[in-house]
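J.: Supplied in structure tokens, the structure appears directly below.
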Amino acid sequence: MPHQTAIQDDEIEILLNDVLERYGYDFTGYSRASLKRRIIRLYGIDKYVSFTEFRYIIANDSSYFKRFVEQITVNVTEMFRDPSFYKTLRSEVLPKFGTYPFIRVWLAGCSTGEEAFSIAILLRELNLLHKSLIYATDINPLVLEKAAQGMFPLSQMKQYSENYIASGGITDFSSYYSANYSLAKFNDELKAKIIFSTHNLVSDRSFNEFQLILCRNVLIYFDRALQYNVLQLFDNSLEKLGYLALGTKETMDFSPIAKKYKRLEAGKIWRKISEGL
Amino acid sequence: MKGCKALVIGGSAGSLEILLKIFPDLEENLSFPIIIVVHRKQGTDFLLSDLLSSKTKLNVLEAEEKQIIKARNIYIAPSDYHLLIEKDHSISLDHSEKVNYSRPSIDVTFQSAAEIYKDKLACLLLSGSNADGVQGLKMVNAYGGLTLAQDPTTASVPYMPEQAISQIGVDYVLLPEEMASYINSLV
């Protein structure tokens, strides 16, 4: 059988081991088909011709390693992506927090921050933002730098505004940002309530207790064992009667924590109804 | 081809009518699974799998991540996710950048399937308006799999099968009315 791909399966494993030993980032629980495709894609984009060189640079150039992490993880996101999901958050989930003195939200895998600002807008419109704090985390420091600027391409605003309206948005979306050349800079009032920080779901622990945890389109990249562990981490970080939101194609049904949760009728949102054992 | 382990069908504009024509005549006891990757609007998954399952006795499933791909089932790639296949024949979904302006991309699934099923894979490209799938067919070809395209003269949008034929010269060009019996013979 001829070798059809630029990097072979055993070479992928070598890279993952290097990265774990050298930097402490553990990607060995990631689903291989997608991960391999991302690695081969990066190899192509950066015009490598030999695996040995690729391996050497990753292991020895820590700034290139940052790029490696940024490129092999998926950072495709939008504001108010899946408007029906945000509609459910707005109408069924967030109003439950109205009487709480303080609201802590964890957005795990926040990428470049579009979802974090979307949630801040929802909280503001429900008059909850002043007593809320959104912890937006990602494995990847480069995307967090972008996220913390709160600036997104102006060219995206038409789409985001449509998503916002479809999600039940009630004001003029453009009142949330000011145009700055080709960028839309979101209001500081929103940004002030978001803490961006690195957190690695594979190796880092729970760091607070939350009323709402969102982690959408992250678990699809993990194998079952890692999915179990991460759901356990979320369970440890979620208050009783708190909510956990996953991506459209993700579920907790297979996991041992499922028995403590009840799924809402609409969307992939579960409520923790018992503390369990 | 004898001993086919999987068939992947890709298509875009004009491909649904062909699927609806093929499905009623597929053998009930097909010894391999079929994976369908078609471009369409977001949020129409439910309609598509319902429509297709009304046309066949095979089991039509909306693909889920970690689902093991099995014979006699037809898996539909969900809108807005790429569908890849793992070594244990389970499905991985991926929400990364669009490929050929498409998600799901036919290239992504053809390529992933080629690595897994190698020379026991058949891939069929139907009507469509861009060249998504053509690079994938190249890889299928390189692994010794079977490459098939709809006869462009029968396609409502001939560009996609035309590109497959001109760029890689597929193994067979099929008329819509002969596709079902051809698929049934791949066992």
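The values are calculated or read from the model by the stated rules, or taken from the named source; none is laboratory data. These numbers were taken from a predicted model, which means no experiment stands behind them. No Cβ is skipped: glycine too gets one built from the backbone with ideal geometry, and neighbour counts run over all protein chains shown.
J.: Just a yes or no: is a residue in region B:140-147 surrounded by fewer than 17 Cβ atoms within 10 Å (Cβ to Cβ), part of a loop (DSSP other than H, G, I, E, B) and over 12 Å from the mean Cα position of the chain (by Cα)?
T.: Yes, there is a match, as at least one residue in region B:140-147 is surrounded by fewer than 17 Cβ atoms within 10 Å (Cβ to Cβ), part of a loop (DSSP other than H, G, I, E, B) and over 12 Å from the mean Cα position of the chain (by Cα).
J.: Which residues, taken from region A:30-51, are more than 13 Å from every other protein chain (Cβ to nearest Cβ) and surrounded by 15 or more Cβ atoms within 10 Å (Cβ to Cβ)?
T.: Of the residues in region A:30-51, the ones more than 13 Å from every other protein chain (Cβ to nearest Cβ) are A:43, A:46-51.
Within region A:30-51, A:43, A:48, A:51 meet the criteria.
J.: When you go through (1) assigned to a helix (DSSP H, G or I); (2) away from chain B (no Cβ under 14 Å); (3) under 19 Å from the mean Cα position of the chain (by Cα); (4) of a type in the set (Asp, Glu) one by one for residue A:115, which number turns out not to apply?
T.: Here residue A:115 clears every test but (2).
J.: Looking at region A:74-109, which of its residues are basic (Lys, Arg) and more than 11 Å from every other protein chain (Cβ to nearest Cβ)?
T.: To start, the set of residues in region A:74-109 that are basic (Lys, Arg) comprises A:81, A:87, A:90, A:96, A:104.
Scanning region A:74-109 gives A:87, A:90, A:96, A:104.
J.: Between B:79, B:90, which is among the small types (Gly, Ala, Ser) and over 14 Å from residue B:37 (Cα atoms)?
T.: Exactly one residue qualifies, and that residue is B:90.
J.: Can you tell me which residue within region B:121-139, out of those that are touching a Gly at 6+ places or on another chain (Cβ under 6 Å) and under 19 Å from residue A:33 (Cα atoms), is surrounded by the fewest Cβ atoms within 10 Å (Cβ to Cβ)?
T.: B:121
J.: Only one of these is modelled with pLDDT of 95 or more, touching a Leu at 6+ places or on another chain (Cβ under 6 Å) and of a type in the set (Asp, Glu): A:138, A:172. Name it. So that I can check it myself, show each step before the final result.
T.: Details: A:172 fails: touching a Leu at 6+ places or on another chain (Cβ under 6 Å).
Unique residue meeting the criteria: A:138.
J.: Which of (1) touching a residue at least 60 places away in the same chain (Cβ under 8 Å); (2) under 26 Å from residue A:69 (Cα atoms) does residue A:264 not meet, given it meets every other one?
T.: It fails just one condition, (2).
J.: Consider region B:56-91. How many of its residues are charged (D, E, K, R) and at the interface with chain A (Cβ under 8 Å from one of its Cβ atoms)?
T.: Of the residues in that region, 6 qualify.
J.: I would also like to ask the following. Looking only at residues in region A:188-229 that are closer than 14 Å to residue A:26 by Cβ and within 14 Å of another protein chain (Cβ to nearest Cβ), which one is surrounded by the fewest Cβ atoms within 10 Å (Cβ to Cβ)?
T.: Checked region A:188-229; the qualifying residue surrounded by the fewest Cβ atoms within 10 Å (Cβ to Cβ) is A:225.
J.: Select from region A:126-145 the residues that are of a type outside the set (Val, Ile, Thr), surrounded by 17 or more Cβ atoms within 10 Å (Cβ to Cβ) and in contact with a Ser or Thr (Cβ under 8 Å, 6 or more places away or on another chain) and list them in ascending order.
T.: If the condition is that a residue be of a type outside the set (Val, Ile, Thr), surrounded by 17 or more Cβ atoms within 10 Å (Cβ to Cβ) and in contact with a Ser or Thr (Cβ under 8 Å, 6 or more places away or on another chain), then A:135, A:136, A:138, A:140, A:144 are the ones that fit.
J.: From the list A:84, A:31, A:50, A:62, pick out the single residue that is of a type outside the set (A, V, I, L, M, F, W, C) and under 24 Å from residue A:166 (Cβ atoms).
T.: Exactly one residue qualifies, and that residue is A:84.
J.: To continue, here is another question. Any chance region A:91-98 includes a residue that's surrounded by 14 or more Cβ atoms within 10 Å (Cβ to Cβ), touching a residue at least 60 places away in the same chain (Cβ under 8 Å), out of contact with any strand residue (DSSP E or B) (no Cβ under 7 Å at 6 or more places or on another chain) and not in a helix (DSSP H, G or I)?
T.: There is no residue in region A:91-98 that is surrounded by 14 or more Cβ atoms within 10 Å (Cβ to Cβ), touching a residue at least 60 places away in the same chain (Cβ under 8 Å), out of contact with any strand residue (DSSP E or B) (no Cβ under 7 Å at 6 or more places or on another chain) and not in a helix (DSSP H, G or I).
J.: Moving on. Specify the residue that is nearest to residue B:175 (Cα to Cα); the eligible residues are those in region B:92-108 that are crowded, with 24+ Cβ neighbours inside 10 Å and more than 10 Å from chain A (Cβ to nearest Cβ).
T.: Per the criteria, the residue is B:106.
J.: Scanning for something within 11 Å of another protein chain (Cβ to nearest Cβ) and among the aliphatic types (A, V, I, L, M), does region A:52-66 turn up at least one residue?
T.: Residues of region A:52-66 within 11 Å of another protein chain (Cβ to nearest Cβ): none.
Scanning region A:52-66 turns up no residue that is within 11 Å of another protein chain (Cβ to nearest Cβ) and among the aliphatic types (A, V, I, L, M).
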